[in-house]
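Presented below is the structure to which this report refers.
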Amino acid sequence: MSQDSQLTTALAEAAATAGHAPSVHNTQPWRWRVLPDALELRTVADRQLQASDPEGRLLAISCGAALHHARLALAAEGWRAVVRRLPDPGDPSLLARLTDLSQTAADPDAMRMVQCMSVRHTDRRPVSDEPVPTDSIGEIARAVTAEGCRFQVLDRDQVLELAATAGHASAVEAEDPELRAELAYWTSRADTNTGLPPEVLPAEPPQTTVPGRDFGRPGSLPIGPGHDRAAVYALLHGDEDDRDSWLRAGEALSAAWLTATRLGVSVVPLSAVVEIPGTRQALRQVLAGIGFPYLVLRIGIADPAHAGPPHTPRLASEQVVDTSAVRGERA
Ligand SMILES: Cc1cc2nc3c(=O)[nH]c(=O)nc-3n(C[C@H](O)[C@H](O)[C@H](O)COP(=O)(O)O)c2cc1C
């Protein structure tokens, strides 16, 4: 295989691997373009949540997670890349370009993280009573800060405030017809390989200190009688509230979640509380001086005794990876 075709094959495979990334409501709002010497990541406007995410914050976080997956996939195959985030101010849909690719030794840590990508999933059942080891929280925190984002574990009082704020966010979302319609749309698209199928949504509201998202309809995922008392709640946050920070928050989310998966720890993002401007502001006040909250994470050890949810489907790679610019060059 020529050097050129090796590179474009690696870029196309990294983009396909990035399809495992988590995204809000499984919208998968990304599109990749393989070029002879670069890989571009773009947003897909019609998979943005217009009602609950008009600024595109959750969209950028989701795309950041996909970007981190692609970076790891390249490193695992022995490719070094320079990442240019938001490289063209005149082209806002272009979120990142991976360029200046050169070959290096395959990175064993990245290889392990790539293995975790197909295992990682969102388990919305209550977590077990087993406490999360302090060392694991430390490793997850370090994974976040290495991506330029901040991570704060909430203390008991802050968790109670979060619970009240999340309850308020749920009530606001339940009363807003546009938000309700948007959620109904993304929870009834099972045949499209986007959105959330009933099998991954709890059959009844789990017993939790902090209410999880109210998806507006019961799913078919059986949940035990447990209460997630042993869950740890943490916040991803930072000093800025712009697209670059949101993209990096997504990269940090991916790093945290894959690290947690490697350590046998379950993560569920809770974003309703940062979608409603009033509850996001309330969260800033609870955590004085944190700057801007990007995402709340529930961290715990999943119930080991019962099977968890199945994997949430993904779009086929042909639907998200455009290789037309290198056709003929790839092996
Ligand atoms: C930015 C972001 C926000 C999310 N918010 C929530 C949420 O509020 N509640 C929830 O249960 N899952 C949330 N998720 C998890 C997604 O629904 C999940 O990643 C997606 O459906 C794909 O499923 P998987 O993680 O099992 O692969 C969020 C994920 C991302 C990336």
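A single entry from LEU253, LEU287 fulfils the requirement of being touching a residue at least 60 places away in the same chain (Cβ under 8 Å), within 11 Å of the ligand (Cβ to nearest atom), among the hydrophobic types (A, V, I, L, M, F, W, C) and within 20 Å of VAL153 (Cβ to Cβ): LEU253. So in the range 222-243, with the set limited to residues that are open to solvent by 30 Å² or more (accessible area, probe 1.4 Å) and under 26 Å from PRO54 (Cβ atoms), which one is nearest to the chain's Cα centre (by Cα)? It comes out as ARG243.
Do we have any residue at all in the range 183-191 that's charged (D, E, K, R), within 14 Å of the ligand (Cβ to nearest atom) and closer than 17 Å to GLN50 by Cβ?
yes
Here LEU258 fulfils each of the conditions (1) open to solvent by 10 Å² or more (accessible area, probe 1.4 Å); (2) at pLDDT 95 or above apart from (1). Checked against (1) more than 15 Å from GLY250 (Cα to Cα); (2) surrounded by fewer than 19 Cβ atoms within 10 Å (Cβ to Cβ), ALA12 passes all but condition (2). Among the residues of the range 192-201, the ones that are at pLDDT below 95 and near the ligand (Cβ under 9 Å from one of its atoms) come to 0 in all. Restricting the range 272-321 to residues that are of a type in the set (Lys, Arg) and within 18 Å of VAL172 (Cβ to Cβ) leaves a set whose member that is modelled with the lowest pLDDT is ARG284. Of these, VAL200, VAL127, which one is in contact with a Gly (Cβ under 9 Å, 6 or more places away or on another chain) and under 18 Å from VAL232 (Cα atoms)? Matching residue, one of VAL200, VAL127: VAL127. Within the range 282-330, the only residue that satisfies the criterion of being open to solvent by less than 20 Å² (accessible area, probe 1.4 Å) and of a type in the set (D, E, K, R) is ARG298.
Filter the range 1-38 for residues that are within 16 Å of the ligand (Cβ to nearest atom) and either more than 11 Å from the chain's Cα centre (by Cα) or in a helix (DSSP H, G or I) (or both) and give the result.
ALA16, THR17, ALA18, GLY19, HIS20, VAL24, HIS25, ASN26, PRO29, TRP30
If you take the residues of the range 39-76 that are over 23 Å from ALA181 (Cβ atoms) and part of a strand (DSSP E or B), which of them is most open to solvent (accessible area, probe 1.4 Å)? In this case the residue turns out to be ARG42.
One line per residue, one yes/no per condition, for (1) aliphatic (A, V, I, L, M); (2) touching a Pro at 6+ places or on another chain (Cβ under 7 Å); (3) more than 10 Å from the ligand (Cβ to nearest atom); (4) under 17 Å from THR145 (Cβ atoms):
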| residue | (1), (2), (3), (4) |
| --- | --- |
| SER245 | no, no, yes, yes |
| THR259 | no, no, yes, yes |
| SER266 | no, no, yes, no |
| ALA272 | yes, no, no, no |
| GLY278 | no, no, yes, no |
| GLN281 | no, no, yes, no |
| ARG314 | no, no, no, no |
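Scanning the range 79-127 for residues that are open to solvent by less than 10 Å² (accessible area, probe 1.4 Å) and closer than 24 Å to ASP322 by Cβ, we see that the one that is nearest to the ligand (Cβ to nearest atom) is MET117. Pairing residues of the range 58-76 that are of a type in the set (Ser, Thr, Tyr) with residues that are not in a helix (DSSP H, G or I), at Cβ distances under 8 Å and at least 6 apart in sequence or on separate chains, gives SER62/ALA21; SER62/PRO22; SER62/SER23; SER62/THR27; SER62/GLN28; SER62/PRO29; SER62/TRP30.
Residue check: SER324 meets all listed conditions (1) on the phi > 0 side of the Ramachandran plot; (2) of a type outside the set (A, V, I, L, M, F, W, C); (3) modelled with pLDDT of 95 or more but one, namely (1).
The values are calculated or read from the model by the stated rules, or taken from the named source; none is laboratory data. As the structure is a prediction and not an experimental result, all values here were calculated from the model. Ideal geometry is used to build each Cβ from the backbone, glycine not excepted, and the neighbour counts take in all protein chains shown. Calculation scope for accessible area: heavy atoms of the full protein, side chains included, ligands and nucleic acids excluded. Shrake-Rupley method; radii C 1.70, N 1.55, O 1.52, S 1.80 Å.
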